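Notes for the one structure printed next.
No lab work stands behind these numbers, since they all come straight from the coordinates. For clarity, every value in this text was computed on a predicted model and none was experimentally measured. Every residue, glycine among them, receives a Cβ derived from its backbone with ideal geometry; neighbour counts consider all protein chains shown.
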Amino acid sequence: MNDAAPTPDLPPAPDPLGKALASLDPAPHGFDRDALMFAAGQASKLNALVFWRAATALAAVTAVAFATLYFTRPVKIEYHERQVVVDNGR
């Protein structure tokens, strides 16, 4: 058994995997982050714009329908005959 205890004078041996990974250069990412963010913003803006235009059109049609029904309803006139009781005996 020749297990030598590590002495404080000798640093530990470097990890071969760590050495290999440290020597690698990062690969270029191949996309423009700003262009992607701009495209995503434009797409979401378009969806929101279509939604709000549809909601506005629906609200306008509903308002016109209720206004038409309100202003074109037949006028109902009711006549009430009042009966007045006169007591002359007093």
Residue check: is residue 53 loosely packed, with under 10 Cβ neighbours inside 10 Å and basic (Lys, Arg)? no
Can residue 35 be described as outside any loop (DSSP other than H, G, I, E, B) and exposed (fewer than 10 other Cβ atoms within 10 Å of the Cβ)? yes
